[in-house]
Amino acid sequence: EPPTRVGQTAKGLTLGGFLLVILVPLWIVVVTSLSDQGTIVRAGGLVIWPEKLSFEAYREMLGDPTVRTALLVSLGITLVGTALSMAVSILCAYGLSRARSLGHRFLLVLLVVTMFVNGGLIPTFLVVTGLGGYDQWWALILPSAVSVFNILVLRSFYQQTSADLIEAARMDGAGDWRILWSIVLPTSRAVTAVTALFYGVGYWNSFFNVMLYMPTDSEKWPLQYVLYTYVNKGTGAPGQINSGFGTTHAQTAPLALQMAVVVLTLLPLLVVYPFVQKHFRTGVLTGAIKG
């Protein structure tokens, strides 16, 4: 039946309310990062409406070598980690999607079990450090390189690839590598893009592994851990005792600088999301329903 006016109005108000809940905090963070110290003091903290825009916080933040290094580290970890995770997940999902592959049922059950049962934090730490991962780049990537959930989503999608198309390719002499590269992946761009986004966001936002495997005041800290140290602990940037970014000296960092760091960590995701959002419906949802 056609929607009623009351129903349409209720839906619009509900969606508008959720939109405000998301956009208002983001607006406050951005506006505060663009405000000078006087405006922040008069507002009593977070600024809702700017009086005078100032980019001093961004200039001071980006002028600090610690932040620039952390930004490069985060980009490197995200790019390398996403590429590695996608390669492993695609190969594993394709192998599990082929019914005649060796031991695919046993491996599938083994993977599913790991979603509910794991060794815990201490055994993981002992394994990584025992393999020499302490203060090594790979310790920030390999322990979280594989997500069983993402593999299951990819597998479910790959199972829906036309069997006639695959058989026709085999009759033409194509092997599994050729089928995966020329048939399965081109017909699964949506789920591949969404899975890559999931992995990328996970690596970009990761900071807990840094607390475990990287020493204090390390130059290998990613941007998220700099944000954690600077905002949550109320101290200066790593490597600067009792000081803020650049030449600002204070026990607690100015609020504008804290919000500028938050904006810097959000900006790459805000740029990427619009290009991948269209794939969510055909990617994850379709794969989940068909699975």
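The values are calculated or read from the model by the stated rules, or taken from the named source; none is laboratory data. No experiment lies behind these values; they were computed from the predicted model shown. When we count neighbours, we look across all protein chains shown, and the Cβ atoms used for this are built from the backbone with ideal geometry, even at glycine. Each accessible area value is taken on the protein alone, full model and side chains, heavy atoms only, with ligands, DNA and RNA left out. Shrake-Rupley method; radii C 1.70, N 1.55, O 1.52, S 1.80 Å.
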Kirkwood hydrodynamic radius, computed over distinct alpha-carbon pairs, for region 16-72: how many Å, to one decimal?
12.7
What length, rounded to one decimal in nm, is gained on full extension from S101 through to L212, with 0.36 nm per residue of separation minus their alpha-carbon distance?
36.2 nm
Roughly how many Å² is the accessible area per residue of the chain, as a whole number, for a 1.4 Å probe?
58
Round to a whole angstrom and tell me the spacing of the C-alpha centers of region 10-73 and region 128-162.
34
Place a point 7 Å from the Cα of E219 in the direction of its beta carbon; the residues of region 36-79 whose amide N falls under 15 Å from it are 65-74
Kirkwood Rh and Cα-based Rg: tell me the resulting Rg over Rh for the chain, rounded to two decimals.
1.06
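Based on DSSP H runs of at least 4 residues, each adding -39500 (n - 2.57), what is the mean residue ellipticity at 222 nm of the chain after dividing by all its residues, to the nearest 500 deg cm²/dmol?
-19500 deg cm²/dmol
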Per its Cα gyration tensor (rounded if a/c is under 1.5, else prolate when a/b beats b/c, else oblate), region 47-99 is best filed as oblate
At 0.692 mPa s and 37 °C, Stokes diffusion of region 90-201 via Kirkwood alpha-carbon radius, µm² per second:
204
Over the Cα atoms of region 90-137, Rg to Rh with Kirkwood Rh, two decimal places?
1.15
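Dipole size in debye (nearest 20) for region 1-126 around its Cα centre, Lys and Arg Cβ +1, Asp and Glu Cβ -1?
So the magnitude is around 600 debye.
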Taking the reciprocal of mean 1/r across every pair of different Cα atoms in region 1-46, the Kirkwood radius in Å is 13.0
Which is farthest toward the positive dipole end of region 71-177 among G175, S162, T114, measuring Cα position about the Cα centre, with Cβ charges +1 (Lys, Arg) and -1 (Asp, Glu)?
T114
Cα gyration tensor of region 1-137 diagonalised, 5x eigenvalues square-rooted, in angstrom largest first, produces semi-axes 44, 32, 15
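Place the peptides 73-82, 194-203, 163-172, 50-59 in order of packing, highest mean first, counting for every residue the other Cβ atoms within 10 Å and averaging per peptide.
194-203, 73-82, 50-59, 163-172
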What ranking, highest mean first, results for peptides 255-263, 4-12, 34-42 when packing means the other Cβ atoms within 10 Å averaged over each residue?
255-263, 34-42, 4-12
Per-residue accessible area for V21 at 1.4 Å probe radius, Å² rounded to 10?
100
How much length would be gained if the chain were fully extended between L20 and L131, taking 0.36 nm per residue of separation minus their Cα-Cα distance, in nm to one decimal?
35.2 nm
If every Lys and Arg gets +1 and every Asp and Glu gets -1 at its Cβ, then about the Cα centre the chain yields a dipole, in debye to the nearest 20, of 780
Relative to the longest principal axis of the C-alpha atoms of the chain, give the angle of the C-alpha long axis of helix 189-205, reported between 0 and 90° and rounded to the nearest 10°.
40
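With a cut-off of 8 Å between alpha carbons and a minimum separation of six or more residues, what is the relative contact order of the chain in percent?
On the way: 317 pairs, mean separation 78.8, N = 291.
Computed over the chain, the figure is 27 percent.
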Förster radius 22 Å - calculated FRET efficiency between L13 and L46 (Cβ-Cβ, nearest 0.05)
0.25
Can you list the residues, at least 5 places off or on another chain, whose amide H is less than 5 Å from the amide H of S35, using H built in the peptide plane?
S54
Of all accessible surface on the chain at a 1.4 Å probe, what whole percent is carbon and sulfur?
68
Which of R105, R100 is most accessible, then next, and so on - probe 1.4 Å
R105, R100
